[in-house]
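K.L.:
Shown below is the structure under consideration.
The values are calculated or read from the model by the stated rules, or taken from the named source; none is laboratory data. Since this is a predicted model, take the numbers as computed values, not measurements. For neighbour counting, all protein chains shown are included, and Cβ atoms are generated from backbone atoms with ideal geometry for every residue, glycine included.
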Amino acid sequence: MLTDREFTDAAEHYLDMVYRIALNWYCGPADAEDAAQNTMLRLWRTETDFADDQHLRRWLARVTGDGVWSGVWYWSLPVDSEQAEALRFGDTVIPLK
């Protein structure tokens, strides 16, 4: 688990990388910013003990990519608006009714 200082250092160092990974997948900067924020939140909450900076960097890239893929997957599902009660985007639920 990261200390407050370790988290701050990691966020300052890797936030741009995380944002650029997300921006390559999403159409706009707002979605990429959301994905980067979600990745940093997961970093704050993780109990992973990182062996070194390379391990942390790979973890961040993987978590960012997983978040992007799950978001793209959710939004690409066909929705029958007559039957669906909500759209799901990662952990976010958008009510339709």
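K.L.:
Search region 1-50 for residues being of a type in the set (Ser, Thr, Tyr) and assigned to a helix (DSSP H, G or I), and hand back the single one that is surrounded by the most Cβ atoms within 10 Å (Cβ to Cβ).
P.N.:
We begin by selecting, within region 1-50, every residue of a type in the set (Ser, Thr, Tyr); these are 3, 8, 14, 19, 26, 39, 46, 48.
Subsequent filtering for residues that are assigned to a helix (DSSP H, G or I) retains 8, 14, 19, 39.
On the way: Thr8: 11, Tyr14: 21, Tyr19: 19, Thr39: 28.
Checking each candidate, the answer is Thr39.
K.L.:
What are the residue pairs meeting all of these: first residue in region 42-61, first residue more than 16 Å from Leu15 (Cβ to Cβ), second residue exposed (fewer than 12 other Cβ atoms within 10 Å of the Cβ), Cβ atoms under 6 Å, and 6 or more apart or on different chains?
P.N.:
So the pair list comes out as Glu47/Met1.
K.L.:
All but one of (1) exposed (fewer than 15 other Cβ atoms within 10 Å of the Cβ); (2) hydroxyl-bearing (Ser, Thr, Tyr); (3) at pLDDT 85 or above hold for Thr64, so report the exception by its number.
P.N.:
Evaluating Thr64 over (1) exposed (fewer than 15 other Cβ atoms within 10 Å of the Cβ); (2) hydroxyl-bearing (Ser, Thr, Tyr); (3) at pLDDT 85 or above leaves (1) as the failure.
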